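All remarks here apply to the structure that follows.
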Amino acid sequence: MGLINSTIRLNMLIAQKLDLEYKIQLITQSQMNLAQSVSDLMQVGTEYDDPDSPMAKMLAQRQAKLKVLEQRLVQQMNQYKSRLDMVTTEIESCTAMRDKNIQIAFKY
């Protein structure tokens with residue numbers, strides 16, 4: 001791969017890395033919001049004494065849905081982190097290749 005190709009590839013990989021980091025940041029923020037929602041539901045749920053009341057059942061269903069959403073967010077986060085690791089490894093490889101091409105091109 002030539003110097004120009006490796007530089008273009010490196011820039012593309014850096015953009016991909018930044019995109020993945022941004023997505024991870026969004027998921028982290030969503031997880032914090034979700035944790036606040038679960039906390040709010042838990043506070044509301046303690047106000048109902050009868051666990052068989054329709055409102056208590058509805059709150060339990062919402063808590064279950066939030067738990068499923070939390071699991072999906074964790075799964076998505078893990079996918080993004082593994083892709084980020086792969087991109088980071090590729091960046092290191094591409095940087096080494098670019099540096100090698102520079103040494104070859106400017107060898108006196």
When both residues are 6+ apart or on different chains and their Cβ atoms are under 6 Å apart, which pairs have a first residue that lies in segment 28-49 and is farther than 11 Å from R62 by Cβ and among the charged types (D, E, K, R), and a second that is modelled with pLDDT of 90 or more and surrounded by fewer than 12 Cβ atoms within 10 Å (Cβ to Cβ)? none
Scanning for something closer than 30 Å to N11 by Cβ, modelled with pLDDT of 80 or more, among the hydroxyl-bearing types (S, T, Y) and in contact with a Lys or Arg (Cβ under 9 Å, 6 or more places away or on another chain), does segment 36-48 turn up at least one residue? no
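Here's the yes/no breakdown for (1) in contact with a helix residue (DSSP H, G or I) (Cβ under 6 Å, 6 or more places away or on another chain); (2) closer than 28 Å to Q29 by Cβ:
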{"position": "A60", "(1), (2)": "no, yes"}
{"position": "Q71", "(1), (2)": "no, yes"}
{"position": "M77", "(1), (2)": "yes, yes"}
{"position": "T88", "(1), (2)": "no, yes"}
{"position": "R98", "(1), (2)": "yes, no"}
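When you go through L34, L10 one by one, which is the residue that is part of a helix (DSSP H, G or I) and within 30 Å of K100 (Cα to Cα)?
One residue alone meets the criteria, L10.
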Go over the candidates K81, K23, K67 one by one and state the one that is over 30 Å from I102 (Cα atoms), of a type outside the set (V, I, T), part of a helix (DSSP H, G or I) and more than 14 Å from the chain's Cα centre (by Cα). K67
With the first residue restricted to segment 3-20 and required to be touching a residue at least 12 places away in the same chain (Cβ under 8 Å), and the second required to be of a type in the set (S, T, N, Q) and part of a helix (DSSP H, G or I), Cβ contacts under 8 Å at 6 or more apart or on different chains are L3/N101; S6/N101; L10/T95; K17/T88
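The values are calculated or read from the model by the stated rules, or taken from the named source; none is laboratory data. The shown structure was predicted, so the numbers you read here are calculated from the model rather than taken from an experiment. Glycine gets a Cβ as well: all are built from the backbone with ideal geometry, and neighbour counts include every protein chain shown.
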